[in-house]
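Report on the following structure.
The values are calculated or read from the model by the stated rules, or taken from the named source; none is laboratory data. Since the structure is predicted, the reported quantities are computational estimates derived from the model, not experimental observations. Backbone-built Cβ (ideal geometry, glycine too); neighbour counts: all protein chains shown.
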Amino acid sequence: MRTESIGCGLLAALCFTGGALAAGPDVTLLDIQSTSNYGAVGGIRGYAIGSHTCNIGTTNLIWANNGTPALAMNAYRLHNGRLMQIGLANCKTACCAAAGSGCGATCNGQGGSVLGAGCLDVYGSGFNGGQTRLAPRSVINGFTGTIGSYPGSTGDAIFRRLQIRQTDLTAANFPGALYFVEGVYVATDDAAGGAWLNNATYKRVTVDASFNLNLTGAAYTQIPAIRAWRDHGLGANTVDPAVNIGQVTIPGEGTFWWASKVRNLGNGRWLYDYAVFNLNSDRAGGSFVVPVAPGVTVSNIGSNQPFYHSGEPASYSDTWTATRTANTVTFATPQTFQQNANSSALRWGTMYNFWFEADVPPTPDAPVTLNTFKPGATLVPPLRAGAPSVPPCNPDLDGDGNVDQDDVNYLVNVIGGGANPGGINPDFNNDGNADQDDVSALVNRVAGGACP
């Protein structure tokens, strides 16, 4: 399978390591150097993380009181070969910026209502856990970076903070597990310049007997925590080469990261594991479709979505449905956007997991489809995440066991906006568009031609 690893060490254009600043304002989380533990309420513990923030751009970054930028805080657990998000918080909004050094370039000395070019600002975890500055994610557009109004409310010890079920941190439940915290920034002027690709940073933590999150090792600056699945998949700081990583950007919109791993369980069974992280897409993820040929036996289908809280819409946390169709295993929101705009879409700053077992080995680089929750004409590029063995560019789109004109008619109907009960990807030629070229490619394939 393909691995599209993108990070500071592999694609310098996304990272700042000193020297020339990026054009325009560019916020990034340099480091996480403190955590706070606020105790437990009803079996759920509340935390916050500190933030060392840099503006690595050439112009000042807006730093608005109770506004932009906003920092989302997340927690993850890696256990038994699977990385899962186990907690999230509301988003710490700005107060007033310092103008420190430490970002690898000369700070222009400007602070207060801006974070100056090349400058560092430091917030401790105690400040970041202040409840009145924690904005619900539902009032923030991850793609534009705009932050709506929200009440400056306070509550119990875990209200709005990074909430994790204590059972998810208990060593006896998850022996040998590794844990990680992550910060994900959104900022209005950063987003306007398209500088969001470097807005997530993660760091490993250990959990002690008092359930404190103790930071360890270096921060993985400008790298989202989904990368921890590969970076630490065989133990702390030991890469698991079987984990494949990549990212896709919706043209004119946000970016998703994906990861996958397939394990041979023996006795003719394979475990297919997928994770998708929404960095900043406002259109969000609405369904995840894995091609699985008719006749393949599928079992033990499951998914994981972290729980929202503290006034967020309750339906944000609803479990996705899982359906075995003729040609796919499809995971989807319980309701469409038209039915409920607050259904549990894969929203910005959040990672979902999907898995199942099958009785056939994987096809490397098989295209897996991510569909957006909010309507739009542009398709998400295919995720080359691998899937159970299927005929190459399988032309039996309607899943009736025959390759004929009915498959062409099915594709024409789907491209025209008709029903898609099989959950097919209408981009048959994988060029990023669903149009007449896909129909022509399918006609050629039905006639016995080569894959497009």
Which numbered condition Pro291 fails, given (1) at pLDDT 95 or above; (2) in contact with a strand residue (DSSP E or B) (Cβ under 6 Å, 6 or more places away or on another chain): (1)
Asp240 vs. criteria more than 20 Å from Ile32 (Cα to Cα) and touching a Leu at 6+ places or on another chain (Cβ under 6 Å): yes
Within the range 214-318, strands (runs of 3 or more DSSP E) holding 2 or more residues that are over 13 Å from the mean Cα position of the chain (by Cα) and farther than 16 Å from Thr369 by Cβ: 255-266, 269-278, 298-304
Qualifying positions in the range 343-378 - aliphatic (A, V, I, L, M) and without any contact (Cβ under 8 Å) to a residue 60 or more places away in the chain: Ala377
Subset of the range 404-413 [assigned to a loop (DSSP other than H, G, I, E, B) and closer than 28 Å to Ala322 by Cβ]: none
Which listed residue, of Gly130, Gly148, Gly102, Gly126, is on the phi > 0 side of the Ramachandran plot and not charged (D, E, K, R): Gly102
Residues satisfying the stated conditions in the range 149-182, i.e. surrounded by 24 or more Cβ atoms within 10 Å (Cβ to Cβ) and either out of contact with any helix residue (DSSP H, G or I) (no Cβ under 9 Å at 6 or more places or on another chain) or not assigned by TED's automatic domain parsing to the domain that holds Val114 (or both): Leu162, Gln163, Ile164
Residues (surrounded by 14 or more Cβ atoms within 10 Å (Cβ to Cβ), of a type in the set (S, T, N, Q) and outside any loop (DSSP other than H, G, I, E, B)) located in the range 414-441: Ser440
Sole residue being touching a residue at least 12 places away in the same chain (Cβ under 8 Å) and either within 26 Å of Ala72 (Cβ to Cβ) or charged (D, E, K, R) (or both), chosen from Asn327, Asn340: Asn340
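Within the range 11-49, how many residues turn out to be small (Gly, Ala, Ser), at pLDDT 95 or above and surrounded by fewer than 22 Cβ atoms within 10 Å (Cβ to Cβ)?
Initially, the range 11-49 is screened for residues small (Gly, Ala, Ser), giving 12-13, 18-20, 22-24, 34, 36, 39-40, 42-43, 46, 48.
Now narrow it down to the ones that are at pLDDT 95 or above: 34, 36, 39-40, 42-43, 46, 48.
Of the ones still in play, those that are also surrounded by fewer than 22 Cβ atoms within 10 Å (Cβ to Cβ) are 34, 36, 39-40, 42-43.
Number of matching residues: 6.
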